[in-house]
Amino acid sequence: MQLTDNTILITGGTSGIGRALAEALHARGNHVIIAGRRQELLDEVTAANPGMRGLAVDVQDSFALAEFAARVRDEFPKLNVLFNNAGITRTEDLTVDAADPSAWRAILETNVASVLHLTALLLPALRRQERATIITTTSGLAFVPTSRFPTYCASKAFLHSWLQSLRHQLRETSVEVLELAPPYVQTELGGKAQASDPHAMPLADYVAEVMQLLAEPNPPHGEILVQRVQGMRGAEQNGEYAKWYDRMN
């Protein structure tokens, strides 16, 4: 992926990996548009990064997402990078008698349905560009799940499979398809404690390594994998899945 002179839309761009990569890409001279639910957070990030744009959208609302995509197409005709990064997670206890379906519904709507929907809405515009990229955030947990987050892990495994099909179908077009699969990183995705967990990869270190990998042409299998996640990615192929699963659970 070329790291300069792009027009980039990043969903989930107000915190964590999304914000950090938005700021890193903005610093490289790209025109970055971040999307998120809360206007106050969008204002905070854009105020700290003059020239960055922020657009509010609830990706769980399919009608709002369609209107949002139409606005993006209209206001940013040079859009050539879609970064599907919005995602949520919840712990779930599947053993209770009266399980609340709202948790898994919200995860699937945010992590899966909105990604497929927004990609479909913007893909025709991306295909008209001379060069374009679709990046989607999955997780090391797509390859070795943890049982505390069953739907989250499954949602990322779904995206990993879907991205392979998308990449193959777009192989003769100007659109490259990349998968960003983070390890356990110091963000607040899983709660405030995660942001300072010494077992998690520091966010600044993660972003620095990702930026280096993005600059390299033709990443293997279209996957952006920092060193720390490669053990999980290759666990099954290397005959180490049971060891990794026991470690994660």
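Quick look at the numbers
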{"quantity": "Span-like helix ranges in the chain, DSSP H, alpha carbon extent 24 angstrom or more, Kyte mean at least -0.5", "calculated": "150-169"}
{"quantity": "Ranked packing of 176-186, 102-112, most packed first, by mean Cβ within 10 Å", "calculated": "176-186, 102-112"}
{"quantity": "Given (i) 12.7; (ii) 13.6; (iii) 16.6, the label whose value is mean projected area of the Cα convex hull in nm² derived from this model", "calculated": "(ii)"}
{"quantity": "Whether region 89-216 is rounded, prolate or oblate, judged on the alpha carbon gyration tensor where a/c under 1.5 counts as rounded", "calculated": "oblate"}
{"quantity": "Region 4-38 and region 161-237: distance between their alpha carbon centers, rounded to Å", "calculated": "16"}
{"quantity": "Relative contact order computed over the chain (Cα-Cα under 8 Å; 6+ residues apart), in percent", "calculated": "18"}
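Every number in this text was worked out from the coordinates using simple rules, so none of it is lab data. Since the model is a prediction, treat every value here as computed from it, not as a measurement. In this analysis, Cβ positions are derived from the backbone assuming ideal geometry, glycine residues included, and neighbour counts consider all displayed protein chains.
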